[in-house]
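The structure appears below as structure tokens.
Rule-based calculations on the coordinates, nothing more; no lab input. Predicted model only: the values in this text are computed from it and were never measured. Heads up, the Cβs are rebuilt from the backbone with ideal geometry, glycines too, and the neighbour counts pull from every protein chain shown.
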Amino acid sequence: MSSTDELVNLFKKQIKVEQTIVESVKEGLTEIENPAVKGVLKGISLDSMKHAEMYASAINLLTSVPPALTEGNLNKQRELVKKHVRLEAEIIETLKKAIPSIQNKKVKLLLNAILSDEKRHHALLQKVLEILVKGETITDDEWWDVMWENVPFHGTPGG
């Protein structure tokens, strides 16, 4: 599966599957009273909504050229992502300390699932900084280089 068209078609199908999961959970939750089961199903539904958004983003990345980010945009995004990396790290540490002392197997299962999600979020956010954001950034210096690159004397009289 190497062609862009094949990938786009696959991702469109996956979006529909994820939307089906969301609708199914939404319909099924009205009959569920167990708060743990309800919470897990809601979480899965939210993950499916997230996955659909990620597939749509992948389609966008494959089919269009995203606009370059300015340094100002990059700095805002970088700070937001760094903040969430810190928050995820705090949650991970809190859960790692709390889980061993919990006796209730059901609660422990839920907290371990949350911990697993938080670890994935943390790693993903770090990759977002590294790959997605930085890869689309043009610094002010790069803008100046592009602007002056082919201009004789680089804006000064005679050299």
For this session: Give segment 82-113 a look and list any residue that's more than 23 Å from the chain's Cα centre (by Cα) and touching a residue at least 24 places away in the same chain (Cβ under 8 Å), or say none.
Result: K106
For this session: Search segment 41-67 for residues that are closer than 10 Å to V8 by Cα and pair each with any residue that is of a type outside the set (D, E) and exposed (fewer than 13 other Cβ atoms within 10 Å of the Cβ) when their beta-carbon atoms are under 6 Å apart and the residues are at least 6 apart or on different chains.
Result: L62/T4
For this session: State all residues of segment 68-127 that are of a type in the set (A, V, I, L, M) and over 23 Å from A36 (Cβ atoms); if no residue qualifies, say none.
Result: A68, L69, L74, L80, V81, V85, L87, A89, A123, L124, L125
